[in-house]
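Reading through the structure tokens given below for one structure.
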Ligand SMILES: [Zn+2]
Ligand SMILES: [Zn+2]
């Protein structure tokens, strides 16, 4: 009872490793968006230039230079107080007249 042998119990050395283990180094790479380097500078609704003044007037949900916020009727500067109607800015006199 010496013949024969036990076959099939040894692992096959010619067997290739399972496929699919090559991509383990790759990950889902998302594009990197750098943060904004400069805060957005508001633009004046009157002259459309960026407002670099220390004071920004906010009227009608828009930003204005102090010198650009004028009564549409008499061109008086309205830095102190202004009155708005239909998207236009008036001084007190012209608003109520
Ligand atoms: Zn302006
Ligand atoms: Zn006016």
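Descriptive notes on the structure:
- Flag: residue 96 matches the condition of being modelled with pLDDT of 65 or more and exposed (fewer than 10 other Cβ atoms within 10 Å of the Cβ).
- Top-ranked residue of the stretch 50-82 - restricted to ones that are surrounded by fewer than 15 Cβ atoms within 10 Å (Cβ to Cβ) and either outside any loop (DSSP other than H, G, I, E, B) or touching a residue at least 60 places away in the same chain (Cβ under 8 Å) (or both), ranked as nearest to ligand 1 (Cβ to nearest atom): 50
The values are calculated or read from the model by the stated rules, or taken from the named source; none is laboratory data. Just so it is clear, the structure is predicted and the values come from calculations on it, not from any experiment. Positions of Cβ are backbone-derived with ideal geometry, glycine not excepted, and every protein chain shown enters the neighbour counts.
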